[in-house]
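Have a look at the structure below, then the notes.
The values are calculated or read from the model by the stated rules, or taken from the named source; none is laboratory data. A quick note: this is a predicted structure, and the numbers were derived from the prediction, not measured. Using ideal geometry, Cβ is built from the backbone for each residue, glycine included, and neighbour counts are taken over all protein chains shown.
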Amino acid sequence: MVTIDALRKCEVFSELTDGELRKILPFCREERYEKDTIMFHEGDVADTFYILQDGQISIQYVICPQPDYCQDARILLDKPGDFMGWSSLVKPLRMTASGYCVTDIRLVAVNSEELNELMERDSHIGFAIMKELAGLINKRLKEAKGLTFQRIMGAL
């Protein structure tokens, strides 16, 4: 059973009250994946927002610093509350990365269609989530670009 405390661990929901988090609970379910499972691929339809509860998942981005030179950048998510599937909250609703289970994992899966509908109905919830999400996406992309830059510089 998914609890308010499980949602509260996710920074995307950090500005929401307990009452607002209760509105999200009906859209949530717990899911488990085994080690070495590929959860999603870049380009897949994004219909679920995930919050890590236990385990480790590697998020792989393909970054092209030059038109004909691309590299993979991986970010390890391993803290309860880490999130993935943010693409399910913004158009074109396609995954921007691939996700691989490094260990067995347990997570909260949030139906993004229902969450998007709630965000449209309740502008405070929508604004609070999108404000936090924008900052966290920016942070994650900087991490991925930094890892790629370090790899390129290390290869010189």
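Got a sec? Which of LEU141, LEU115 is surrounded by 18 or more Cβ atoms within 10 Å (Cβ to Cβ) and either aliphatic (A, V, I, L, M) or modelled with pLDDT of 95 or more (or both)?
LEU115
Look at TYR100 and say whether it is over 20 Å from MET130 (Cα atoms), hydroxyl-bearing (Ser, Thr, Tyr) and at pLDDT below 95.
The answer is no for TYR100.
Tell me, which residue of segment 44-68 that is exposed (fewer than 12 other Cβ atoms within 10 Å of the Cβ) and out of contact with any helix residue (DSSP H, G or I) (no Cβ under 8 Å at 6 or more places or on another chain) is farthest from SER123 (Cα to Cα)?
Result: ASP68.
Could you please let me know if ARG94 is free of Cβ contacts under 8 Å to residues at least 12 places away in the same chain and of a type in the set (Lys, Arg)?
Considered against the rule, which asks whether it is free of Cβ contacts under 8 Å to residues at least 12 places away in the same chain and of a type in the set (Lys, Arg), ARG94 comes out as no.
Across segment 15-56, what is the total count of residues that are farther than 23 Å from LEU115 by Cα and touching a Phe, Trp or Tyr at 6+ places or on another chain (Cβ under 9 Å)?
4
Name the single residue that is surrounded by the fewest Cβ atoms within 10 Å (Cβ to Cβ) among those in segment 79-112 being in a loop (DSSP other than H, G, I, E, B) and basic (Lys, Arg).
Residue satisfying both the conditions and the ranking: LYS91.
Check off (1) touching a helix residue (DSSP H, G or I) at 6+ places or on another chain (Cβ under 6 Å); (2) more than 17 Å from PRO26 (Cβ to Cβ) for LEU115 and give me the number that stays unchecked.
(2)
On the given criteria, is LEU76 of a type in the set (A, V, I, L, M), surrounded by fewer than 17 Cβ atoms within 10 Å (Cβ to Cβ) and at pLDDT 90 or above?
Yes; evaluated as a whole, the condition is true for this residue.
Could you tell me how many of the residues in segment 1-52 are in a strand (DSSP E or B) and hydrophobic (A, V, I, L, M, F, W, C)?
Number satisfying all stated conditions: 8.
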